[in-house]
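The values are calculated or read from the model by the stated rules, or taken from the named source; none is laboratory data. Every value quoted in this text rests on a predicted model; they were computed, and no experiment measured them. Here the Cβ positions follow ideal geometry from the backbone for every residue, glycine too, while neighbour counts run over all protein chains shown.
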Amino acid sequence: MQTEKERVSTTASAVALINRLKQEHGELIFHQSGGCCDGSAPMCYAKGEFYIDDSDVFLGEIAGCPFYMNQDQYEYWKHTHLTIDVVEGRGASFSLEIPLGVRFITKSRLMNS
């Protein structure tokens, strides 16, 4: 029996930031941006502040938060594993971490067979 491979994971620093944002904003969701504002970046929103529809693919959970990507973008990234990390520097997006002077980034690698 084949099991689904993990598609998205986090670094310890990303988990710490997610937990901090949860304390401040409550439940969160993530959506891998398809090019607006910060280019292709993971965006963090308070639950209910971003509309997820049938064109979004659920990739898994990070630190207890659902992580989605638009179907069109998924077609390009479907052979990759995403690791969500944090770097210093202000991004140009509406993601919740931006006022803290940090931003989430996505590191990708090809999925193992």
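For the stretch 35-59, the set of residues classified as within 23 Å of K5 (Cα to Cα), of a type outside the set (A, V, I, L, M, F, W, C) and buried (at least 16 other Cβ atoms within 10 Å of the Cβ) consists of S40, P42, D56, listed by residue number. One residue stands out among those in the stretch 76-99 that are surrounded by 17 or more Cβ atoms within 10 Å (Cβ to Cβ) and of a type in the set (S, T, Y): the one that is modelled with the highest pLDDT, which is S95.
Hey, does the stretch 64-75 have a residue that's surrounded by fewer than 16 Cβ atoms within 10 Å (Cβ to Cβ), touching a strand residue (DSSP E or B) at 6+ places or on another chain (Cβ under 6 Å) and touching a residue at least 40 places away in the same chain (Cβ under 8 Å)? Checked the stretch 64-75: no residue is surrounded by fewer than 16 Cβ atoms within 10 Å (Cβ to Cβ), touching a strand residue (DSSP E or B) at 6+ places or on another chain (Cβ under 6 Å) and touching a residue at least 40 places away in the same chain (Cβ under 8 Å).
Residue pairs whose Cβ atoms lie under 8 Å apart, sitting 6 or more positions apart in sequence or on different chains, and linking a residue in the stretch 87-98 that is of a type in the set (A, V, I, L, M) to a partner that is at pLDDT below 90 and in a loop (DSSP other than H, G, I, E, B), are A92/C37; A92/D38; I98/R90; I98/G91.
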